[in-house]
Amino acid sequence: MALSSTFVAATGEGYELQMGRWSRLLAEPFLDFCGCVGDEAVLDVGCGTGRLSSALAQRGNMRIVGVDLSPEYIDYARSRNRNPQIDYKVADACALPFENASFDRVLSLLVLHFVPRPAQAVAEMRRVARPGATVAAAVWDARGGFVANRIFFDAAAALDDKGNERRARNYTRPMTRPGELLAAWHAAGFNDIRETTLSIRMQFTSFEDYWRPYIGKDGPGAEYVSTLTAAQQKQLLDMVLRAYLDGEEDGARSYAATAWAVSGITPLG
């Protein structure tokens with residue numbers, strides 16, 4: 001995450017439960033869209049617990065560097081992904097510690113919407129990309145295509161004004177609305193820009209599986225829950241449970257999740 005990230009980071013295990021398991025699923029269609037090939041130097045910006053970097057390593061003999069602001073996530077990634085192709089570093093997306101034109105491909109998955117200065121992060125991604133390199137990113141369509149997340153934040157908005165403010169903040173983050181990623185890539189001066197949407201299914205085994213991330217310490221949902229009294233937490237849980245059950249017995253649920261994705265080529269001259 002970038003310095004002063006709006007994403008609260010605590011533990012690698014917590015991030016895996018909150019987002020890493022979905023990053024793993026989204027990484028595959030994202031890499032298909034990016035057209036990754038072997039024998040490249042690739043930078044994974046905001047690597048979290050290393051899901052995208054690991055997926056990259058399965059696609060060829062690449063030299064991969066994953067960077068994230070959270071030391072806890074980097075430690076987790078190093079301990080779980082011992083592939084010699086991958087090097088993990090703690091770094092700020094808005095001040096990448098690499099020379100100009102260092103990488104053949106620069107990628108960012110589910111990060112730019114948590115960067116306070118996303119235009120600066122995009123400029124850094126372009127700076128460290130070699131001429132002719134692919135630079136690509138994906139972020140959730142938070143307002144229109146993130147069903148599991150909407151269930152929680154719609155309930156929070158009904159609970160109190162504070163929850164309504166959190167929902168508004170969550171669904172107006174930079175880069176998450178239609179055309180914002182595309183406009184950012186045009187503003188950064190990339191060539192051959194392409195935009196698409198990518199979709200996965202978020203599969204939960206039960207309500208307990210769905211709810212656990214919100215009583216952890218990672219991400220905006222858990223941060224909001226931590227501000228509530230015990231009585232408010234119980235009220236919110238009951239509201240979200242009703243929405244999850246939809247009048248049926250507890251059990252598995254499957255929700256669609258859609259991300260915006262953009263790719264461009266760094267100019268040759």
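The numbers here are math on the coordinates, done by the rules we state, and not lab data. On a predicted model such as this, the values are computed, not experimentally measured, just so you know. Virtual Cβ from ideal backbone geometry, glycine too; neighbours counted across all protein chains shown.
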If you take every DSSP beta bridge fully contained in the chain, what fraction is antiparallel? Give it as a percent rounded to 5.
50 percent
Counting only DSSP beta bridges fully inside the stretch 67-210, the antiparallel percentage to nearest 5 is 10 percent
Could you please state, rounded to a whole Å, how far the C-alpha centre of the stretch 8-80 is from the C-alpha centre of the stretch 189-240?
19 Å
Using the Cα gyration tensor of the stretch 1-127, with a ≥ b ≥ c the square roots of its eigenvalues, what is the shape: rounded (a/c below 1.5), prolate (a/b larger than b/c) or oblate (neither)?
rounded
Return the calculated 222 nm mean residue ellipticity for the chain, to the nearest 500 deg cm²/dmol, obtained by summing -39500 (n - 2.57) across DSSP H runs with n ≥ 4 and dividing by the residue count.
-11500 deg cm²/dmol
If neighbour count is taken as other Cβ atoms inside 10 Å, put Arg212, Arg166 in order from fewest to most.
Arg212, Arg166
Order of Asp161, Asp250 from fewest to most other C-beta atoms within 10 Å?
Asp161, Asp250
If you rank Thr258, Thr205, Thr134 by fewest surrounding Cβ atoms within 10 Å, what's the result?
Thr205, Thr258, Thr134
The local net charge around Cys36, scoring Lys/Arg +1 and Asp/Glu -1 for residues other than Cys36 whose Cβ lies under 9 Å from its Cβ, equals 0
For the stretch 1-137, give the share of DSSP beta bridges that are antiparallel, in percent and rounded to the nearest 5; count only bridges with both residues there.
5 percent
Could you check the spin-label model distance between Thr227 and Arg201? Points 7 Å from the Cα along Cα→Cβ, value in nm.
3.5 nm
